[in-house]
1. Only one of these is within 17 Å of R106 (Cα to Cα) and hydroxyl-bearing (S, T, Y): T51, T24, T40, T58. Name it.
2. Residue check, V379 against (1) surrounded by 14 or more Cβ atoms within 10 Å (Cβ to Cβ); (2) touching a residue at least 40 places away in the same chain (Cβ under 8 Å); (3) among the hydrophobic types (A, V, I, L, M, F, W, C), all met but one. Which one?
3. I'm trying to understand the selection: among the residues of the stretch 545-561, which are part of a loop (DSSP other than H, G, I, E, B) and within 16 Å of ligand 2 (Cβ to nearest atom)?
4. Return yes or no: is M283 within 16 Å of Q392 (Cβ to Cβ), of a type in the set (A, V, I, L, M) and more than 16 Å from ligand 2 (Cβ to nearest atom)?
5. Could you tell me whether the stretch 643-657 includes any residue that is modelled with pLDDT of 90 or more and not in a helix (DSSP H, G or I)?
6. Among (1) more than 16 Å from ligand 2 (Cβ to nearest atom); (2) crowded, with 19+ Cβ neighbours inside 10 Å, where does Y461 come up short?
7. Could you check the stretch 68-96 and list, in sequence order, the residues that are touching a strand residue (DSSP E or B) at 6+ places or on another chain (Cβ under 6 Å) and more than 26 Å from S49 (Cα to Cα)?
8. Only one residue in E522, E531, E507, E579 is free of Cβ contacts under 8 Å to residues at least 12 places away in the same chain and more than 27 Å from the chain's Cα centre (by Cα), so which one is that?
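The values are calculated or read from the model by the stated rules, or taken from the named source; none is laboratory data. Not measured: the values here are computed from a predicted model. Here the Cβ positions follow ideal geometry from the backbone for every residue, glycine too, while neighbour counts run over all protein chains shown.
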Amino acid sequence: MKLTDLPNLSSKRADALQKSGISTPEDLLMLFPHRYIDRTRVQAISELSGTGESVTVTGTVKKMEVAGFGRKRRLIVSIEHNHSILTGVWFRGISWLQGMLNPGDRVAFFGTVKRYGNRFSMAHPDVETLKNEGDTEELSRIVPVYPANKEFARAKITHKLIHSWIRIILTESNPSEFLPESICSSLGLPKRRDAFEMIHNPQNLKETGTALDRFKFEELFLFELSMARIRHRFVEKKQGPEMKEPGSYTHRFFNEILPFTLTDGQKQTLREIRQDLFTGPRMHRLIQGDVGSGKTVVAIGALLMAIDNGYQTAFMAPTEILAEQHYHTLASFLGDMDIEIRLLTGGQNRKLRQDLLTSIEGGQCQIVVGTHAIIQESVRFHNLGLAVIDEQHRFGVKQRASLFERDGNPHLLVMSATPIPRSLAMTLYSDLDISVMAGLPAGRRPVKTALRTDRKREEIYRFLEQNCSEGGQAYVIYPLIEESEVMDLKDATMGFEKLKKRFPGLEISLIHGRLKREEKEEIMQRFHAGEIQILVSTTVVEVGVDVPNANVMIIEQAERFGLSQLHQLRGRIGRGSRESYCILMPGEKPGKAARFRLRKMVETQDGFEIAEADLKLRGPGDFLGTKQSGLPDFRYADIVEDQWILAQAKEKAWQINDKDPDLKLPGHKQLRTVFEPYFKERSEYYGLG
Ligand code: ADP
Ligand code: MG
């Protein structure tokens, strides 16, 4: 059956459907009602309360009159049942209704009842004419209401029309089941065809929920099956670069160079990495650790284990500032160890770049620290054994995959400071192993966080001055929204000028993304070295920047930042032994959501708690950045609300993938026809061949 076989489908309507993404009968079936009108609640007019209930009433048309003029012109239809009267009022479609209804007709009205004095009335009720009064059987049903859009309205595609089309499709075609029998029966999921019936022609509202769960399961199952296959094909079945136990570089670093003892979280994570590296299949691991938990040290440990085994390594960061910083950290930690470390970023001159590429290809360079410049085609490794991606949520899946696809199947370690609830992480990033790195280094004192209005500015400035005179350093952060970069840079620049005037004795600098690489580098170097006391900055310092001596952060126009972003920013301070202070200064009176965010920041410093609140606030799509994260936009499922379905889908998908990875069993034939194209699309999207 084709869509064009449907009645009342003009080319204009076909066009409107097409524009809404509907080009096959199945697409139309997948268009689910966004709500239902429960017409099964029929009430006698005499029993109405008129407090806004939505009901069905029946009666005989007594009177039809048009009243009022101009915009007040309306049709009033009175119906009577057992001597009680109710009126329906229409301001639109008057002549159409006049043609449809006649006094004496038996009708049903569906709508919301209002009471005016002792009269009951419905505005714009839905009307159906009945053969006999009280013949409620034909209307005792749940009526689906389909989502409308401009295209539909223009082509006069009503939800009644959609519903009639769907009824035809359901009788004339048989949407085939592709979930294996065993899954449907063990989870009690309705069959696909039955589920469509339950969605489009439900007997009761409970049934619509059952059916919807099946479709949620369906899409989550396909997703999990694709993750299972990626994991199976690209991780488990691939041998990673072969490594033996850690050697002298690693031992020297941990036993002689590192100036502090590792936290339990760091030790545990390092054990897991070591386990991965020294047992055959390639590593594909995610470290989730709150800001300041000390992920860099763990990354260095992993790099050294690989270098001990004669391999090259890569350490990729999302910004130039962060790549620089990592480069300097590595250089200072490993300076005495005779390891060649090079920095590779976008803006380097050709000669230097050529030299770098030669050194990487020749195998002299042992650690390449850099931005996404690392994953460009022109960068050829001699023997890449391990790649670490810092702040991985800042990269897209494609960028991750391009390291994945490198010759020799390098081990892969990705690190993120955006904690998402563990159970959610395990199901969403199910192609990765996850280490949750709990705890912060000892001796950290919580950052004192306060919300202050502009009236306190002078007081805050005096505090800032005092703090700097005692040797502390500060960040002053301004928001920067990409669409209006120029304007917002103005805020930061003006703030910078004001501060310079106010504190002539202090060294103050301004940093933002528009500066040249060398300029940024110089400023950060001077800030690290303590030569700059106040760093005025846009959010370029948001990720990863580590200057332990900086202990004050003032966030201007704080109401404009997201919750996770505020947490990341605040994570720049509280890294050293000084007492730290974060002062949130709203630029204008914050709205309700902003107040909630700011209050949350004052209340807690627990990254997981903040992430959970942010997830609730923004919804999963926005929070996880689905486009970036590589998650599909699920049509029916909500990965937070429907976590239990997600868990079931994961379990079933992994079982099937274990048992029959290529879906060759006869019971998986239908599944294969649906899954293979899905997987092809997903893996292309992922950038996996
Ligand atoms: P993040 O996890 O946010 O990337 P970093 O790796 O930047 O955190 O570490 C934050 C700071 O804590 C750095 O200055 C680092 O040297 C320091 N640090 C890391 N581990 C420890 C530890 N076990 N004890 C004390 N300080 C540590
Ligand atoms: Mg970091």
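1. Answer to the check: T58.
2. Answer for V379: the failing condition is (2).
3. V545, D546, V547, P548 - these are the residues of the stretch 545-561 that are part of a loop (DSSP other than H, G, I, E, B) and within 16 Å of ligand 2 (Cβ to nearest atom).
4. Against the criterion (within 16 Å of Q392 (Cβ to Cβ), of a type in the set (A, V, I, L, M) and more than 16 Å from ligand 2 (Cβ to nearest atom)), M283 qualifies.
5. No, because not a single residue in the stretch 643-657 is modelled with pLDDT of 90 or more and not in a helix (DSSP H, G or I).
6. (2)
7. G68, I94
8. E522
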